[in-house]
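Encoded as structure tokens, the structure appears first; notes follow it.
The values are calculated or read from the model by the stated rules, or taken from the named source; none is laboratory data. Worth saying up front: this structure is predicted, and the values here are computed from it rather than measured. Methodologically, a virtual Cβ is constructed for each residue, glycine included, from the backbone with ideal geometry; neighbour enumeration extends over all protein chains shown.
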There are 2 protein chains.
Amino acid sequence: MSAAPGDELVFLPLGGSNEIGMNFNLYGYGPAHARKWIVVDLGVTFGDQTTPGVEIILPDPAFIEEHAGDILGIVLTHAHEDHIGAVPWLWERLKAPLYATPFTAFLLREKLREADLLDGPFDLTLITLTHSIPEPNGLAIRTPLGTVLHTGDWKIDPDPLLGPVTDQEAIRRLGDEGVLAMVCDSTNVFVDGEAGSEGTVRTVLRELIGQLKGKIAAACFASNVARMDSIIRAAEANDRRVCLVGRSMLRMAAAARSVGLLTGVQPFVSDTEAGYFPADKVLYLCTGSQGEPRAALARIADGTHPHVALGANDACLFSSRVIPGNEVPIRNLQNKLADRGVRLFTERDHPGLHVSGHPCRDELKRMYQWARPEIAVPTHGERRHLLEHANLARDMQVPQALAPRNGDMVRLAPGRAEVIDEVPAGRLYVDGGMVTPEHGEALRERRHAAYNGVLTVALALDRKGRIVSGPQVRALGMPGEEGYDLEEALDDLAGEAEAALKKLSSNDRDDDHAVEQALSRALKRAAFRIWDRRPAVEATVLRV
Amino acid sequence: MSAAPGDELVFLPLGGSNEIGMNFNLYGYGPAHARKWIVVDLGVTFGDQTTPGVEIILPDPAFIEEHAGDILGIVLTHAHEDHIGAVPWLWERLKAPLYATPFTAFLLREKLREADLLDGPFDLTLITLTHSIPEPNGLAIRTPLGTVLHTGDWKIDPDPLLGPVTDQEAIRRLGDEGVLAMVCDSTNVFVDGEAGSEGTVRTVLRELIGQLKGKIAAACFASNVARMDSIIRAAEANDRRVCLVGRSMLRMAAAARSVGLLTGVQPFVSDTEAGYFPADKVLYLCTGSQGEPRAALARIADGTHPHVALGANDACLFSSRVIPGNEVPIRNLQNKLADRGVRLFTERDHPGLHVSGHPCRDELKRMYQWARPEIAVPTHGERRHLLEHANLARDMQVPQALAPRNGDMVRLAPGRAEVIDEVPAGRLYVDGGMVTPEHGEALRERRHAAYNGVLTVALALDRKGRIVSGPQVRALGMPGEEGYDLEEALDDLAGEAEAALKKLSSNDRDDDHAVEQALSRALKRAAFRIWDRRPAVEATVLRV
């Protein structure tokens, strides 16, 4: 392959470059009017209390959907939801071949295709990295205009326990060959030093479990199979059998075994069996480290789990980090466990009980020394992370560093790297099972109702606009208090509605829309007087 | 005073003993049927996204309201909202005299009364402590059955900058005299060492500000007058004038000056003036360290502040902690500032830029060594904190330690300390300006609507239950998507409503309530089929 005149190599993040999560990266090659594309990762992020009812948030694929015929393939670097979770929702719109390694593929239930089958200007080679899930891959993307190293999520773990260590030789050789651009993980750019090794965690776990006498529950991310393995081996070393609690633990264990992991350990015991074991002979490996309300640990803390109960002398180990935004649910969960007398161990009070899967500053520096790119393109981070990462790259003598936002199309070659276009890069919300726009009406209405409540008013008018029945006013979410009865308020509001109707001209009274608007306005005004807020008003006029 | 037979001394927390915040403590003295009470603190906590529309949360005073005639006084230890914020909402129900020191009283706009005017079995002495606000007071509560040391919020700051140091001599003397029980702050019981001194913060601030060239915004809690003072002096030492931005900064500055604080500094410049200063001659002291959306810093970050703009080469200092639950808004705020090129400095990356106002483990140990109580009663904390604090007290050789929940009435004397009663101790929500119960209908309905949406259906029936007009179905917060039009869904739903009506007996059709229930059930079922969720349904039958 060689570059034709007019060819450009561009990088375009549509997700992951304003947030940690929702990774969706495009690489384009060719002249502006005829580019071929590869997609690297297609992940989700999750809704929270600011998006009530929305559980999943997807990157908006509108831009690349228009060019779906020019997508050569979708490459999934590893199986975390923020890298693969949008495939079931968006693949139909892109319909390009999916490329993933076996563990990832098993979790996607998609047939594996080999990455080297890709046709077109992109030549892909996987580079083995270490992370907090099996089979984390970096990508060497060779093109006629140069090679891009797309790291995906990584760290440098000298003792990852499962799978090989980071293939630094491959990265060095790529550096010798010449790396045009490195698109790199920014998650821990504010953390000095190194993330630490899974091997250390295993040692810490074995020692800690050895000191505990009662029942033990341990929580970790189910996808962190090395961690599961460590907890299981630490339990076995202390003569405890392991019981998996929570559906995603069972699902991940199956995925791990499908690729030959989690072998050579004793069979798991079921939660019904485990109840008959002596307290110091069992360890429950649980989902729910983030305080998720329906997960195993939440039910144990609430005392509602059908088979697992913890109390005084028992212990709970959180071998996991706190995902930002989950602080309050985790705190509530821990208070409930403490209240049962359960001793709690977290990475905060027991260093080494968890390590991050993302590179800290010293690891980033080593990666830059190995790869020696011409251009640094930080991704996988919030604005703060990306900007700081670009600074770090400049300190490491990288000639060019830029921190594009989602939707910024960066020309990597030829010429100086720069943003040459901005394309739409919003989010889509999965709401009631439907894929809806980020700023759609439905969520806006629900949020408004959550803070302000709802009033409904219905009345029947004859053809001349005279009231035949009603108005009836109902309230949803409007407070009353001692001395101010809600029924009384609704009577007041019905009076206001009637008065508003009377003020209308007979023409307007013939117009359902005009009547509904007048009622709505009158009720909003009256509600503001009573409650100092403006509820949503749904007015219905029936003609008889 | 001497104890009569049957006299008991009890402690009853109605707030602050399940959470950090909302402090509301009762001390009772006398026989069970005729106790006299003092109230120590009457604070609030704040609503969050789990309580949409609820801004303020109050402790439920129901128990003590019944005994309002037996309240000798309400003593406010210091002016933080979690200690005084419920006074405007609940004082009417208790109507007891308020006791506070001048700074606290100024902020309450209540007349100061001297604590030693209290009549009855309680003899109160204030003990000067250090905290993160002027005039933090501990209380020595002497009774015929013994003395209680109620610490309020405190730390041991050898160099508090404003106000005297912790009066350890007074505490030691009280210990010599004999302390029956100590009711003590648990906030930082999981933190080793000491909280650190305001004096250190001042030094760190002066040096950091000296290194910065552009405009500086600094954020702190406005009530932390010592911190304001430090920032102001650090600015002046570096030849910068100070501009206060945000209403609570101006309010707190006025309160501070009313008691002789914040003196000997240059006059503040207004935000309009400050815009004309060279960048390196001004420092903006701002509200909004918690990411509050309408505070000064949020408006600066959004670029919507009328007079203050920050950009590249400028800096923002967060001289404050992250209050749990505010992580996400603070992160969003910081990303927006970083995106403008503003350099950020927080306590995380610049140790000493903030210190806590609550005692860490070493300080707690010293307090136990000074006071030597018979009974330790941890308060001001979540369950985890209280339980750990009780352990720490036992390690410090305190003979008895118990961790009551809100509503647990603890007999401190005579006899062994124990919980002798449980009284209701819920929360009240200020909702639409009305004081409402915690588990009231209105909030429940709004939360349900937030996640599930609302459907309304109205129809007009004649006296025989035949449809004269409608049904009309409207939706609020129900999503549609490409290929599934919402109007189409509403037509479907109207059909379902009609079908449901037809299935009713003629008796039921005469009954508005029965019709409304049938419509509601039919629409919920249909909605579940379409959206996999159950909206609230408001059905209205009009008879013509």
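Here are some notes:
- Count of residues meeting criterion [crowded, with 17+ Cβ neighbours inside 10 Å and part of a helix (DSSP H, G or I)] in the range B:501-515: 3
- Selection of the range B:458-489 for residues being under 18 Å from B:Arg525 (Cβ atoms), among the small types (Gly, Ala, Ser) and within 9 Å of another protein chain (Cβ to nearest Cβ) yields only B:Ala475.
- Meets criteria (away from chain A (no Cβ under 12 Å) and either more than 26 Å from B:Phe46 (Cβ to Cβ) or touching a residue at least 24 places away in the same chain (Cβ under 8 Å) (or both)) for B:Asp492: yes
- Matching entry among A:Leu42, A:Leu14, A:Leu9 (being crowded, with 23+ Cβ neighbours inside 10 Å and in contact with a Ser or Thr (Cβ under 8 Å, 6 or more places away or on another chain)): A:Leu9
- The range A:66-83 residues that are of a type in the set (S, T, N, Q), paired with ones that are in a strand (DSSP E or B) (beta carbon under 8 Å, 6 or more apart): A:Thr77/A:Val40; A:Thr77/A:Asp41; A:Thr77/A:Asn137; A:Thr77/A:Gly138; A:Thr77/A:Leu139; A:Thr77/A:His150
- Selection from the range A:459-493 of residues that are closer than 24 Å to B:Arg444 by Cα and touching a Pro at 6+ places or on another chain (Cβ under 7 Å): A:Met478
- Some residue of the range A:261-277 being touching a residue at least 60 places away in the same chain (Cβ under 8 Å) and either touching a helix residue (DSSP H, G or I) at 6+ places or on another chain (Cβ under 6 Å) or of a type outside the set (D, E, K, R) (or both): yes
- Residues located in the range B:428-446, provided they are at the interface with chain A (Cβ under 7 Å from one of its Cβ atoms), surrounded by fewer than 24 Cβ atoms within 10 Å (Cβ to Cβ) and over 21 Å from the mean Cα position of the chain (by Cα): B:Glu445
- Note on the range B:87-133: residues that are at pLDDT 85 or above and either part of a loop (DSSP other than H, G, I, E, B) or farther than 18 Å from B:Ala256 by Cα (or both) amount to 26.
- Criterion (more than 21 Å from the chain's Cα centre (by Cα) and part of a loop (DSSP other than H, G, I, E, B)) met by exactly one of B:Asp153, B:Asp159: B:Asp159
- Here B:Arg173 passes the criteria (1) in a loop (DSSP other than H, G, I, E, B); (2) charged (D, E, K, R); (3) without any contact (Cβ under 8 Å) to a residue 24 or more places away in the chain except the one numbered (1).
- Residues that are part of a helix (DSSP H, G or I) and among the polar types (S, T, N, Q), drawn from the range B:191-209: B:Thr200, B:Thr203
- When the range A:447-457 is limited to residues that are at the interface with chain B (Cβ under 7 Å from one of its Cβ atoms) and of a type in the set (A, V, I, L, M), the one that is surrounded by the most Cβ atoms within 10 Å (Cβ to Cβ) turns out to be A:Ala449.
- Among (1) within 12 Å of another protein chain (Cβ to nearest Cβ); (2) outside any loop (DSSP other than H, G, I, E, B); (3) surrounded by fewer than 22 Cβ atoms within 10 Å (Cβ to Cβ), the one test that B:Gly341 misses: (2)
- Qualifying residue in the range A:361-383 (condition: more than 22 Å from the chain's Cα centre (by Cα), at pLDDT below 95 and surrounded by 17 or more Cβ atoms within 10 Å (Cβ to Cβ)): no
- Candidates A:Pro59, A:Pro52, A:Pro31 - the one that is within 14 Å of chain B (Cβ to nearest Cβ), more than 10 Å from the chain's Cα centre (by Cα) and not β-branched (Val, Ile, Thr): A:Pro52
- Scope the range A:179-208; condition without any contact (Cβ under 8 Å) to a residue 60 or more places away in the chain and not basic (Lys, Arg); matching residues: A:Gly199, A:Glu207
- Look at the range B:360-383: where a residue is within 14 Å of chain A (Cβ to nearest Cβ), no partner that is part of a helix (DSSP H, G or I) and among the basic types (Lys, Arg) sits 6+ places away or on another chain with Cβ atoms under 6 Å.
- When A:Ala393, A:Ala425 are checked against the criterion of being in contact with a Lys or Arg (Cβ under 9 Å, 6 or more places away or on another chain), closer than 21 Å to B:Arg340 by Cα and more than 10 Å from chain B (Cβ to nearest Cβ), a single residue qualifies: A:Ala425.
- Residues within the range A:518-542 that are within 14 Å of chain B (Cβ to nearest Cβ), out of contact with any Ser or Thr (no Cβ under 6 Å at 6 or more places or on another chain) and either touching a residue at least 12 places away in the same chain (Cβ under 8 Å) or part of a helix (DSSP H, G or I) (or both), tallied: 16
- Among (1) surrounded by 22 or more Cβ atoms within 10 Å (Cβ to Cβ); (2) in a helix (DSSP H, G or I) - the single one B:Met478 does not satisfy: (2)
- Summed over the range B:505-538, residues that are touching a Pro at 6+ places or on another chain (Cβ under 9 Å) and under 16 Å from B:Gln472 (Cα atoms) total 4.
- From the list B:Gly260, B:Gly303, the one residue that fits, being over 22 Å from the mean Cα position of the chain (by Cα), away from chain A (no Cβ under 14 Å) and at pLDDT 95 or above, is B:Gly303.
- Candidates B:Asp192, B:Asp176, B:Asp167, B:Asp185, filtered to the one that is surrounded by 20 or more Cβ atoms within 10 Å (Cβ to Cβ), over 30 Å from B:Asp280 (Cβ atoms) and among the acidic types (Asp, Glu): B:Asp185
- Filter result (in contact with a Gly (Cβ under 9 Å, 6 or more places away or on another chain) and closer than 19 Å to A:Leu161 by Cα) within the range A:243-264: A:Leu261
- Scanning the range A:498-514 finds no residues that are in contact (Cβ under 8 Å) with a residue 12 or more places away in the chain, within 14 Å of chain B (Cβ to nearest Cβ) and touching a helix residue (DSSP H, G or I) at 6+ places or on another chain (Cβ under 8 Å).
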